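These notes concern the structure reproduced below.
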Amino acid sequence: MTGASRSNQHHGHRQAPACRGARHVAALALAVAGSLAAFAAHADVGAPATVTPVADGGVHVRMTTLDAPIQLASANVAGSGNPSTSTRVPTPADAAPGQVVVGGKVPDEATHSAVLAKLREVYGAGNVVDQIEVGSVSTPPNWSANVQKLLGPQLKQISKGQLKIDGTKIDVKGEVSNEALRQQLASDMATALNPTYTIRNGLRVSASEQGLLDSTLANRTIEFETGSATLAPEGRAILDQMASVLVKIPSKTVEIIGHTDNSGSRASNIALSQARADAVKGYLVTKGVAPRSMETMGVGPDQPIASNDTSDGRARNRRIEFRVGQ
């Protein structure tokens, strides 16, 4: 997507000429320079949409460098073999931190108004920069309703973010605080949509305090003795590394969350996960981490990140999570 000078910016919409010989697909591009979080919605047709993880280079959406705007734009030509055309998307210079910039082409004024209403509800009316065009474009069934499902408060958990909705193809890109959130956001988007939609997850974990903790843990499991809250030697070795990072971020409270698989009763699993979280905190205190900088919580089997139907999935669900607070 390419930018344009500030003098070309418009805060409203203009009627685009009808296209001859080609059908343009309705598209939106949202650029958020601050934060884009997770909402749950139900699929309108049976199964959810498909989520495809992609490398940064595979997402055709340019990142902003601010810490606060979202862009909606780029209409593809369908059925004619013509190259894609693009609606102007603002460059970072077009938006101030905290603003959400929305552009692209929609089929009617009702869709235009509905998109703006959703974004203003989430970000505040004064923070939404409207660059949407109303023009002659084709849309998949229920496109306006599906677009609105994606424009919820979940977006506020993505920083330096961009969301592109091009017909039934959705690209989401930006920074999030941890790997679990990166996966959950895309999963929630897929759950909200029907199988005709595809979502390309180009989100990445930011180099923040949370990113530092995640990279130190590096998806490793903090091991305990079987069925107990006694740390195994391998678990203590990982926590030695975590302690050296935690002492560097004393200004933030870190929540230590214990998780289990679903084997056995929920009550016993919650008790075990709490005991393990407490054991982790106790060990970190012996390594110089201030007790007041850590809180613990055990959630048992209630927040799985994998299927409990396989041994590998159950192993992934038995974990300790570190979450940086505000």
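The values are calculated or read from the model by the stated rules, or taken from the named source; none is laboratory data. Please read these numbers as outputs of a predicted model, since none were measured by experiment. Glycine also receives a Cβ, built like all others from the backbone with ideal geometry; neighbour counts cover every protein chain displayed.
From the list Ala114, Ala145, exactly one residue is under 30 Å from Gln303 (Cα atoms), of a type in the set (A, V, I, L, M) and at pLDDT 90 or above. Which is it?
The unique qualifying residue is Ala145.
With respect to Lys105, determine if the residue is over 19 Å from Gly174 (Cα atoms), buried (at least 22 other Cβ atoms within 10 Å of the Cβ) and not acidic (Asp, Glu).
So Lys105 fits the description; yes.
Write out, first by first residue and then by second, each pair whose Cβ atoms fall under 7 Å of each other, whose residues are 6+ apart or on separate chains, and whose first residue, in segment 298-318, is at positive phi while the second is β-branched (Val, Ile, Thr) and in a loop (DSSP other than H, G, I, E, B).
From segment 298-318, the pairs are Gly300/Thr260.
Taking Gly325 as meeting all but one of (1) exposed (fewer than 14 other Cβ atoms within 10 Å of the Cβ); (2) more than 24 Å from Gln157 (Cα to Cα), write down the number of the exception.
Gly325 satisfies every listed condition except (2).
Picking from Ser215, Ser228, which residue would you name as being assigned to a loop (DSSP other than H, G, I, E, B) and assigned by TED's automatic domain parsing to the domain that holds Ile305?
Within the list Ser215, Ser228, the selection yields Ser228.
Scan segment 271-300 for residues that are over 24 Å from Leu181 (Cβ atoms) and hydroxyl-bearing (Ser, Thr, Tyr) and report the count.
Within segment 271-300, residues that are over 24 Å from Leu181 (Cβ atoms) and hydroxyl-bearing (Ser, Thr, Tyr) number 2.
Which one of Asn308, Asn317, Asn262 is in contact with a helix residue (DSSP H, G or I) (Cβ under 6 Å, 6 or more places away or on another chain), of a type in the set (S, T, N, Q) and either buried (at least 18 other Cβ atoms within 10 Å of the Cβ) or outside the structural domain of Ser177 (by TED's automatic domain parsing) (or both)?
Just a single option satisfies the conditions, and that option is Asn308.
Please state which one of Ala207, Ala229 is on the phi < 0 side of the Ramachandran plot, among the hydrophobic types (A, V, I, L, M, F, W, C) and modelled with pLDDT of 90 or more.
Ala229
If you scan segment 148-166, which residues turn out to be of a type outside the set (S, T, N, Q) and over 16 Å from Val115 (Cβ atoms)?
The answer is Lys156, Ile158, Lys160, Gly161.
Which one of these does Lys248 not meet: (1) surrounded by 14 or more Cβ atoms within 10 Å (Cβ to Cβ); (2) within 30 Å of the chain's Cα centre (by Cα)?
The one condition Lys248 does not meet is (1).
Looking only at segment 301-324, how many residues end up being farther than 20 Å from Asn178 by Cβ and of a type in the set (Val, Ile, Thr)?
Result for segment 301-324: 1.
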